[in-house]
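Notes for the one structure printed next.
The values are calculated or read from the model by the stated rules, or taken from the named source; none is laboratory data. Note that the structure is predicted; figures quoted are calculated from it, not measured. Here the Cβ is made from the backbone with ideal geometry for all residues, glycine too, and neighbour counts use every protein chain on show.
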Amino acid sequence: MSEFDAIVVGAGPAGSSSAIKMASGGLNVLLVERGDPPGSKNVSGGILWGKDLSSIIPDWEKSAPLERYVERKVTSFLTHDSEIAIDFKTKKFQQDKTGYSVLRTRLDGYLARKAQQAGAMLVTGVTVDSLAMKDGKVVGVINEGETITSDVVILAEGPNPRVAISAGLREKPNDKTVAVGVKQVYKLPENVINDRFNLRGNAGFAGEYVISFLPNNVFAGGFLYTNKDTISVGVVINLETLRKDGKTHSFDIMEQFVQHPYIAPFLEGGQLQEYSAHFVYEGGYESLPKPYGNGYMMVGDTAGFSFSNGMILQGMNYAISSGILAGESAIEAKKDNDFSEVSLSRYWKKLEVSPAILDKKNFRGINSVVWSGLVHRTIPALLETSLQNMLYETGAPKKHLSQILLKSMSSTGVSSKDMMIQGYRLMRRM
Amino acid sequence: MVLEIIVMVKQVPDSQEVVIDPVTMNLNRSLTRNVTNRADENALEAALRLKDSVGANVTVVSMGPPQAETTMIECLARGADRAILASDRFFGGADTYPTGLTLAATISKIGKFDIIIAGEETSDSSTGHVGPGVAEFLDIDQVTYTSKVEYKDGYVIAERELEDGTEVVKVPTPVLVTVLLNSNVPRRQTLRRKIDAIRKGFEVWDHDRIGLQPEWVGVRGSPTIVRRMRPIKERERAAKKIELSAVGDLVKELYEKNVLKLEVDS
């Protein structure tokens, strides 16, 4: 007889969601988090697409610590001294709010409290050292040599899952499966943020950037999100190109981003409140681990559930949905009193028809396009030169767009054939 | 008969994260996380060491808001046998006088005790009043600023750290002892102990349970009022970089400016 029905390792959005689901379903749940309070060890850009929360917290839009809803979404290329952006704003988002900026120290605490209220036992400030195994089955967790037993263990450790890796359930993160994220939070008065981003009330700005001006072919993306009275800003750096270069530091890239002539004015006068860094999971469909086995399931980043295609960068929504599905599976397995691999394969069946897997599958190979010279160097340079020629009056006779484009291509060293092939690939993958 | 030890603890904002609101000049508590006052962790460890060596029943008492729960659980997880949180909206806004009174009254309600152990002071206000205050309210002896506490045959033997040496004091129980910050290394809390602590739970006592009138405690029972706070301007300091080879010149310069004095042993 196990002490708990389920032990959840990690109280981020994935772990807490599964704990809420399981505890509400009558399971006896232990939720263990090394951070104290929950969220203190976590970093994320901070846009929550929280529709999935509705099934476990019906009033989440009223009770969760949400900062602003996304009304203005910018996708942008930054060159050394220009910005070329798609700036999409719509009042439709006011009616149907889908994305909210959040601060993880608050959100994670809120979700963990919800798990407690649902009946889960929350223990913070303690690290799970390893999994307890018996006859090839996970039977609990070990801390300081003592075993706490459970029928099933849910691994929700984030993108660098020490316990899952040491148990051989997952590969170590490598340059292809993770990027490095660096993030800062600046404090500014609410009205100053509203003025700078042309926002009213609780509307918010979410910007994602291709940072194309870094030396030595290091690829990085940036993000900037408005909270109530803070701004979250950060970079996500491709590790393959960073390592290849070997000279550029991640904090230098962060500095160059926040000092960019079209980023710095947003942050001017802000007081730096947080500075953090973390892995960002980026692995594609091919590198997904098998997220279940005898007595265990993996959720969120630990199972590789995150998504980026250059236009969007998401993780928390998949964390929540996979947490809920794992919770559901555990409840069903408890009814059969069977936590074997065969029984828990029901989790995989649920995943297969959910966005956590489908998005990965449908956008297979997207990483090679997102982290490519085409996106990070060629397109920004081409756009910059073309727009400069097209939009500025020079006194010379005007030219057709096609002429400008061709000239820009030759000056940036791109052949038109190459451009067509690569452009087609990009459109297809995105 | 088993030794009865009471440990007084307080939950405080993490001193490494304290932020002063530039407008109101108050501590911005919403940004800081709450932790157990570090010196109180040393006080609990001193009590637990007595429990290990001579056997004792350790009861933790605290006065604070409901969120002090985490501190109560933490103390139980480290090895306390019982935890009582004096918590009541009437206790809010207390200065050190009604705080001492509330804790002393709580301890009286618990019943017989031999030793009360407290941290030397809390990191959020640093008065060091509450421990000695409780001893006065209870009319018992006190030994302050100790680095080591032992018990033998009805006596506490404690070492006090003084400026010019260590004083060893032997005093009959009941007695209140305050313990220096960092005088020991608090034991770790394991997952097992934390689970057991949460299951055991702690008690919450209000003014009625303790037997206090609302006008004796909290802001109404406090003789001091903070009228104003102001930040201290950081003094500009001169700095210059010197090469290792130029240290001799620096010593000479400081000597000439009377910063360094030359003393020759006779």
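Does B:Val156 satisfy the criteria of being more than 30 Å from A:Gly125 (Cβ to Cβ), in contact with an Asp or Glu (Cβ under 8 Å, 6 or more places away or on another chain) and modelled with pLDDT of 95 or more?
When the stated conditions are applied, B:Val156 passes them.
Select from region A:360-373 the residues that are in a helix (DSSP H, G or I) and crowded, with 19+ Cβ neighbours inside 10 Å and list them in ascending order. Outline the logic, then answer.
To start, the set of residues in region A:360-373 that are in a helix (DSSP H, G or I) comprises A:360-362, A:366-370, A:373.
A:Lys360, A:Ile366, A:Asn367, A:Val369, A:Val370, listed by residue number.
What do you reckon, is A:Gly304 among the small types (Gly, Ala, Ser), in contact with a strand residue (DSSP E or B) (Cβ under 7 Å, 6 or more places away or on another chain) and closer than 30 Å to A:Lys134 by Cβ?
Yes.
Taking region A:86-118, which residues are touching a residue at least 40 places away in the same chain (Cβ under 8 Å) and of a type in the set (A, V, I, L, M)?
Matches in region A:86-118: A:Val102, A:Leu103, A:Leu107, A:Leu111, A:Ala112, A:Ala115, A:Ala118.
Among residues belonging to region B:122-143 that are of a type in the set (A, V, I, L, M) and in a helix (DSSP H, G or I), point out the one that is modelled with the lowest pLDDT.
The residue in question is B:Val130.
Within region A:121-141, work out how many residues are within 11 Å of another protein chain (Cβ to nearest Cβ) and in a loop (DSSP other than H, G, I, E, B).
Of all residues in region A:121-141, those within 11 Å of another protein chain (Cβ to nearest Cβ) come to A:121-129, A:140-141.
Next, only the ones that are in a loop (DSSP other than H, G, I, E, B) stay: A:125-129.
Residues flagged as within 11 Å of another protein chain (Cβ to nearest Cβ) and in a loop (DSSP other than H, G, I, E, B) within region A:121-141 amount to 5.
Taking A:Leu155, is it of a type in the set (A, V, I, L, M, F, W, C), under 24 Å from A:Met1 (Cα atoms) and either modelled with pLDDT under 95 or within 19 Å of the chain's Cα centre (by Cα) (or both)?
Criteria met by A:Leu155.
Look through B:Ile157, B:Ile232, B:Ile195 and report the one residue that is in a helix (DSSP H, G or I) and either among the hydroxyl-bearing types (Ser, Thr, Tyr) or closer than 25 Å to B:Asn37 by Cα (or both).
B:Ile195
Being assigned to a helix (DSSP H, G or I), in contact (Cβ under 8 Å) with a residue 12 or more places away in the chain and under 15 Å from the mean Cα position of the chain (by Cα) narrows it down to one of A:Ala277, A:Ala319, so name that one.
Every option except A:Ala319 fails the conditions.
Residues are listed down the side, and each one gets a yes or a no for (1) within 14 Å of another protein chain (Cβ to nearest Cβ); (2) out of contact with any Lys or Arg (no Cβ under 7 Å at 6 or more places or on another chain); (3) surrounded by fewer than 16 Cβ atoms within 10 Å (Cβ to Cβ):
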site	(1), (2), (3)
B:Leu138	no, yes, no
B:Val179	no, yes, no
B:Ile198	yes, yes, no
B:Ile210	no, no, no
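Among residues belonging to region A:142-157 that are farther than 20 Å from A:Glu332 by Cβ and within 14 Å of chain B (Cβ to nearest Cβ), point out the one that is surrounded by the fewest Cβ atoms within 10 Å (Cβ to Cβ).
Filtering region A:142-157 for residues that are farther than 20 Å from A:Glu332 by Cβ and within 14 Å of chain B (Cβ to nearest Cβ), the one surrounded by the fewest Cβ atoms within 10 Å (Cβ to Cβ) comes out as A:Gly145.
Among B:Gly111, B:Gly133, B:Gly100, B:Gly128, which is small (Gly, Ala, Ser) and within 23 Å of B:Pro186 (Cα to Cα)?
B:Gly128
Which residue, of A:Gly323, A:Gly283, A:Gly295, is more than 14 Å from chain B (Cβ to nearest Cβ), surrounded by 17 or more Cβ atoms within 10 Å (Cβ to Cβ) and touching a Phe, Trp or Tyr at 6+ places or on another chain (Cβ under 8 Å)?
Exactly one residue qualifies, and that residue is A:Gly295.
Looking at region A:1-24, which of its residues are out of contact with any helix residue (DSSP H, G or I) (no Cβ under 7 Å at 6 or more places or on another chain), surrounded by 24 or more Cβ atoms within 10 Å (Cβ to Cβ) and over 10 Å from A:Glu157 (Cα atoms)?
Of all residues in region A:1-24, those out of contact with any helix residue (DSSP H, G or I) (no Cβ under 7 Å at 6 or more places or on another chain) come to A:1-4, A:7, A:10, A:24.
Those left that are additionally surrounded by 24 or more Cβ atoms within 10 Å (Cβ to Cβ): A:7, A:10.
Matches in region A:1-24: A:Ile7 only.
Within region B:169-192, how many residues are assigned to a strand (DSSP E or B) and farther than 21 Å from B:Glu121 by Cα?
Qualifying residue count for the region: 3.
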